[in-house]
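The next block holds one structure in the form of structure tokens; read it before the comments.
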Amino acid sequence: MKHVHDALFIGGEWTAPSTDATITVLSASTEEAIGQVPEAGPADVDKAVAAARAAIRDPQGWAHWEPSARADVLDRFAGVMAERSSEFAQLVSAQNGMPIASAAIQAETGYPAGLLQMYGGIIREQPVEETRQGAFGGNVVVRRDPVGVVAAIVPWNYPQTLLFFKLAPALAAGCSIVIKPSPETVLDTFLLAEVLKDLGLPPGVVSIVPGGRDLGAYLVKHPGVDKVAFTGSTVAGRAIASACAELLRPVTLELGGKSAAIILADADVAGSVEGLFVATMMNNGQTCFLGTRVLAPRSRYAEVVDVLTDMASGAVVGDSLDTGTAIGPMASSAHRARVEGYIAKGKAEGGRVTTGGGRPNGRDVGWFVEPTIFADVDNSATISREEIFGPVLSVIPYADEDDAVAIANDSDFGLGGTIWTTDTDRGMSVARRVETGTIGVNTYLPDPVAPFGGVKASGIGRELGPEALGNYQQFKTIYRTA
Ligand code: NAD
């Protein structure tokens, strides 16, 4: 095995784990073991949280540095992440099956460095204290303090990017952070630990505790944690929200989705295939914001089904590390079983499979499923209501624009979505009517400069954009005489 680690990165040091338990990581494409790391136990979480608290309380510590000094470190950090981006892309792709072509462009490599620079730039400009003339005489000082110790819990689908959605603003704000990665994708966090060790952050500012959901639940409820930042499934999000409600602990939740890709009657469907692929099947369908309900006007229904069928059947399925691969395997055997369960359900409920529906020929090793298109699907079908998280689309017919908007909004979720049209203004007016946190007109990719997140069961709060720095800051007001 290539990636074997025997120590945990806690409090800025490599430390011996408290238990003998280990996590073995398998390649999604070859099913071979590619790495092994220690699994953290509750005692390791205790140690990480204690170190994080000590860092916050240290009067000379990270939380109290001049923002420009923190920004200098973030710039250096960004430089190293950019330099080593292909190592991260390779590791992520091998673990979770993300096609290396998308891992290497933006998906897992563009965001980390970009976010560190962006939040570093913001704190250089943002005053820590602002003095206001009091309404009753005297002055009022409004401070932005770091929120404290952050617990960051991350899923396996974009392990680095979704981590940096939290890590970059948290560090910029002066917080300490304890990271709990997914067991499926722990190896990239050990590479990150190497980078952090060399970076020379003060001790305790970042710790990494690899483990499963029980360890995550333990961290969420830890008395030393001040804020929880979670990305993952809606089921886990509800459990975390309920724990945080009891503790009155601030939490941001980025959860699942079942977004709509609305093809308007004037769309150039054939000419939009490249964009449609990204917006509906990126990362083998293992992406929260995808428009997996494709809404097609009745007048052009057959044509849309044909274009999507060609798109899916023509997508090259293969080893995630091959640069020509468009669709790699599912991240784990258990996850493939879940996706296949949905395909069976779609068939049982009367959906018509126009391509796919099984496992690709000649791919007996690796957790592959064929890109699959279901036609003649109603919005009430299970495959239209629930998140599948695989390369499986439902094509749903609609009568007119009002009907399309009504179907798009008839969902428990509201995270992403797209409108496809040759008339951008028309697309914008439809986009404004869709109940969702983010949406694209003829394109979709979360842009770091703007808030990203969901409504309804897709979550609470926003990441990205200058707005998200506020997740990691709290105001403190000091009244004083003039
Ligand atoms: P998951 O919820 O099973 O796990 C996510 C992380 O949470 C893992 O680290 C896991 O160990 C941990 N965890 C699980 N249950 C927990 C609990 N009760 N308490 C604390 N920690 C817990 O999700 P997954 O299968 O790893 O990821 C796929 C899901 O993530 C999909 O539903 C997808 O839509 C969602 N997702 C959302 C976004 C977004 O930004 N909205 C982005 C990516 C993925």
**Prompt:** Simple spin-label model, 7 Å along Cα-to-Cβ: residue 338 to residue 125 in nm?
**Reply:** 4.0
**Request:** Just the number, please: carbon plus sulfur as a percent of the accessible area of segment 128-221, 1.4 Å probe, no ligands or DNA/RNA counted.
**Result:** 50
**Request:** Could you order peptides 246-257, 149-160, 120-131 by the average number of other Cβ atoms within 10 Å of their residues, highest first?
**Result:** 149-160, 246-257, 120-131
**Message:** Spelling out what I want: for every residue of segment 292-307, take phi, set θ = phi - 60°, compute 6.51 cos²θ - 1.76 cosθ + 1.60 (Karplus), and round to whole Hz; glycine and proline get x.
**Reply:** 8, 9, 8, 9, 10, x, 3, 4, 10, 4, 4, 5, 4, 4, 4, 5
**Complete:** For segment 260-447, the Cα gyration tensor yields equivalent-ellipsoid semi-axes (√(5λ), largest first, whole Å) of 26, 17, 15
**Prompt:** If we count every other residue with Cβ under 13 angstrom of residue 118's Cβ, Lys/Arg +1 and Asp/Glu -1, where does the sum land?
**Reply:** -4
**Asked** Once amide H atoms are placed 1.01 Å from N in the peptide plane, what residues at a sequence separation of 5 or more from residue 262, or on another chain, have their amide H within under 5 Å of its amide H?
**Response** 295, 418, 419, 420
**Asked** Which percent of the Cα-Cα distances in segment 245-290 go past 15 Å?
**Response** 59
**Spin-label pair residue 460/residue 303, simplified geometry with 7 Å Cα→Cβ offset, distance in nm** = 4.6
**Request:** Which order do the peptides 215-225, 413-423 take when ranked by the mean count of other beta-carbon atoms within 10 Å per residue, highest first?
**Result:** 413-423, 215-225
**Asked** So what is the accessible area of the chain per residue, in Å², with the probe set to 1.4 Å?
**Response** 39
**Request:** Convert each backbone phi in segment 416-427 into a coupling constant with the Karplus relation 6.51 cos²θ - 1.76 cosθ + 1.60 (shift: θ = phi - 60°), then list the ³J(HN,Hα) values in order as whole Hz, x for Gly and Pro.
**Result:** x, x, 8, 10, 10, 6, 8, 10, 4, 4, 4, x
**Asked** How high is the FRET efficiency from residue 20 to residue 480, r the C-beta distance, R0 56 Å, rounded to 0.05?
**Response** 0.50
**Request:** Hey, can you grab everything whose amide H is under 5 Å from the amide H of residue 355? Only 5+ residues off in sequence or another chain; H modelled, so Pro and N-termini drop out.
**Result:** 373
**Request:** Could you pull out every one of the aspartates and glutamates with an alpha carbon less than 17 Å from that of residue 347, ignoring same-chain neighbours closer than 8 positions?
**Result:** 370, 376, 378, 386, 387
**Asked** Regarding segment 1-102, what whole-number volume in Å³ per residue does the convex hull of its Cα atoms give?
**Response** 124
**Using a Förster distance of 45 Å, the FRET efficiency for residue 69-residue 7 (Cβ separation, nearest 0.05)** = 0.95
**Request:** Measure nothing fancy, just the Cα-based angle from helix 67-83's long axis to the longest principal axis of the chain, in degrees from 0 to 90, nearest 10.
**Result:** 40
**Message:** Taking every alpha carbon pair in the chain, what does the distance histogram look like in 10 angstrom bins from 0, in percent?
**Reply:** 4, 20, 29, 25, 14, 6, 1, 0
**Complete:** With a Förster distance of 22 angstrom and the Cβ-Cβ distance between residue 273 and residue 352, calculated FRET efficiency to the nearest 0.05 equals 0.60
**Request:** Return the distance in nm (one decimal) between the two label points of a simple spin-label model at residue 221 and residue 246, each offset 7 Å from Cα along Cα→Cβ.
**Result:** 0.5
**Tail weight of P(r) past 17 Å, computed on alpha-carbon pairs of segment 251-362, percent** = 62
**Message:** Going through the cross-link list 47/476; 47/227; 456/476, which pairs have a Cα-Cα distance over 21 Å in this structure?
**Reply:** 47/476; 456/476
**Asked** Gain in length, residue 132 to residue 82, computed as 0.36 nm per residue apart minus the alpha-carbon separation, to one decimal in nm?
**Response** 13.9 nm
**Prompt:** Roughly speaking, what is the stretch gain from residue 235 to residue 424, that is 0.36 nm per residue apart minus the C-alpha to C-alpha distance, in nm to one decimal?
**Reply:** 64.4 nm
**Item:** Solvent-accessible area, 1.4 Å probe, carbon plus sulfur percent, for segment 260-447
**Value:** 47
**Request:** Find out how many positive minus negative residues lie around residue 259, taking Lys and Arg as positive, Asp and Glu as negative, among other residues whose Cβ is under 10 Å from that of residue 259.
**Result:** +1
**Message:** Given bins 5 angstrom wide, list per bin the percent of all Cα-Cα distances in segment 81-209, short to long.
**Reply:** 2, 10, 18, 21, 17, 11, 7, 5, 4, 3, 2, 1, 0
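The values are calculated or read from the model by the stated rules, or taken from the named source; none is laboratory data. Predicted model, so just to flag it, every value in this text is computed and none were measured. As a convention, Cβ positions derive from the backbone with ideal geometry for all residues, glycine included, and neighbour counts pool all protein chains shown. When the accessible area is computed, the model is the full protein with side chains, heavy atoms only, and any ligands, DNA or RNA have been set aside. Shrake-Rupley method; radii C 1.70, N 1.55, O 1.52, S 1.80 Å.
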